[in-house]
Amino acid sequence: MTTQKETTLPDDNLEEITEETASETTQHFTTSEKSPELNSELEQLREENASLKDSCLRAYAEVENAKKRCQAEMEKNAKFALSSFAKELLPVADNLHRAITSAHEDHKEHFKALLDGVKMTQKELTKVFNKFGIRKVDSLDKIFDPNIERVVQEVEDAQKPAGTVVAELQSAYLINDRILREAMVIVTKGGEK
């Protein structure tokens, strides 16, 4: 078995060498004349740092934009989540309106309590609609609006301007200013424009 001899330096020599080396290293990096490779490497690291910083900022901006889009989508979904349910209730509102308007004047005395009950039911339904941003659009005697109305018939009427709604077969409803259901109307085709 061979043994290796350990060489030990006296402690004060070690301190001298360490201080000397540190001093030389510091001098090497502080001199104004840096080696071309070091300058090149330093410049490359600066460019890489700038590129990474730019990428990080872009990623952060993208995440923030995604958060905003998600929040807006959630608000939109919450606003219009009731659309399909509300659409199913519209025929109920139509039938209540028909029941009230179909009561003949000569029979109103006999069915006063029933008619009052139907009116109260219609009033409650209208309150609930208003609470959730659903509102009826009145088209009668107004100029036809193709955004919320569909013409099912035209009639001659020289008394009114052309395109005036003279009858509503089905009312239009909006939910938060978005069309829930379009109206079906009868308009005039005679008269002035």
Q: Beta carbons within 10 angstrom, averaged per residue: use that to sort the peptides 44-55, 134-145, highest first.
A: 134-145, 44-55
Q: Pull up the cross-link candidates among the lysines for residue 108, meaning alpha carbon to alpha carbon under 17 Å and not fewer than 8 places away within one chain.
A: 119
Q.
With an 8 Å Cα cut-off and a minimum separation of 6 or more residues, compute the relative contact order for the stretch 82-188 in percent.
A. 26
Q | Order of 104, 97, 110 under a 10 Å beta carbon neighbour criterion, fewest first | A | 104, 110, 97
Q | Sorted by Cβ neighbour density within 10 Å, fewest at the top, the residues 186, 175, 100 | A | 100, 186, 175
Q.
What lysines does residue 79 reach when the alpha-carbon gap must be under 26 Å and sequence neighbours fewer than 8 apart in one chain are set aside?
A. 67, 68, 87, 123, 127, 131, 136
Q. Taking only the alpha-carbon atoms of the stretch 82-188, what semi-axes of the equivalent ellipsoid follow from 5 times the gyration tensor eigenvalues under a square root, in whole Å, largest first?
A. 26, 22, 9
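FYI, it's all coordinate maths here, none of it is from the lab. Note that this is a predicted model, so its numbers are computed, not measured. As a convention, Cβ positions derive from the backbone with ideal geometry for all residues, glycine included, and neighbour counts pool all protein chains shown.
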